[in-house]
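The values are calculated or read from the model by the stated rules, or taken from the named source; none is laboratory data. What you are looking at is a predicted structure, and each value in this text was computed from that prediction instead of being measured. Using ideal geometry, Cβ is built from the backbone for each residue, glycine included, and neighbour counts are taken over all protein chains shown. Calculation scope for accessible area: heavy atoms of the full protein, side chains included, ligands and nucleic acids excluded. Shrake-Rupley method; radii C 1.70, N 1.55, O 1.52, S 1.80 Å.
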Amino acid sequence: MTAITVSPPRTAPRRRPVPWTRLAYVTWRQHRAALTGAAAFLGLISLYLLIMGLAINNAYAKVASCHPASSGACQQLAHAFNAQYWGGGGTGAVSAGGAQTVSSLMLVVPVLLGVFLGAPVLARELESGTFRFAWTQGCGRVRWAVTKLALLAVVVTAVTWAFTQLFTWYYHPFVADGQVSRLLPLAFGLLGVAFAAWTLAAFAIAVFFGALIRRTVPAMAATLASWTFLAIGTAVGLRQHYQAPLRTTALNPPSGSWILGGFVTGPNGQVLNQSALNQLVQHAPASVQNSPDLNALANWLTQQHYTQWTSYEPVSRFWHFQLIEGGWLLALAAILLAAAVWLVRRRAA
């Protein structure tokens, strides 16, 4: 009798996972059109800021070097500078877009970048069905999603942070001149780390809706609505509560402060509501009510033992506020990107 030798079953060789470098290259190949378009978009804005920034900084250097600053000639020079470059009230191409208008338009750049870069990242694959092919190429759905999101998020954040440095240089004369406070909504979201943080948040929101809705255009619309609501809510209601505001009885708080509002307290320290304040003002003498002097009413209230208060955030808190806002936006972006990866992982092939 001959013994039968049973050979052990052959196991298929384990396939090595696709290297991260190749996944990064594929990500670039897939999204090079969107990245190139975003780069061209920011490049055109940067060119404008560079050309206008040179003119603005040179003009402001003349204003800053004019002495004494209180002289009529210096005041006229400063007025002409603000009229031409801040409000765009001058003549010629150089005043076609004042810094006030430019900064207002710049506030929508983060959401535009986020919508057009973030929404198609996952939604386009899920919408077209090509994710089935991508997940069978030795990388796995999680590595595929993480590579895409991590690479694009880093690129978006780095580029927009560098762009912020150019805008800060362009905007510096108006901050130094006291034309605008860095804490005001018109400037705060464009300076420091806030611009990059808001762009990253917009990108993460778009990616999340893309993975959730699985349609590119609806994801774009949901991102635009959500980001707008979040940005307005932060500027109007949240940002001023990052730190308790200061109060002063001075009519003019320190230069560069963000004035939140004012109120009046009576002799007993109780805050007067608007109705009580209006009744009190009606009892003021006609000479006080009709006086062109803005301090006349304040002086009369003081004589009646009422105190006017102004609530404000000092400009010294700028970086504190920037780090707070940048921190929670970074945390929000991380949560949304992680949620998008989780949705991809649960998606049935």
Place the peptides 45-54, 117-126, 162-171, 263-272 in order of packing, highest mean first, counting for every residue the other Cβ atoms within 10 Å and averaging per peptide. 117-126, 162-171, 45-54, 263-272
I need the phi-derived Karplus couplings for the range 63-79: 6.51 cos²θ - 1.76 cosθ + 1.60, θ = phi - 60°, integer Hz, Gly and Pro marked x. 5, 5, 8, 7, 9, x, 5, 7, 5, x, 5, 5, 5, 5, 5, 5, 5
Ignoring ligands, DNA and RNA, what percent of the accessible area of the range 221-315 is carbon or sulfur (1.4 Å)? 56
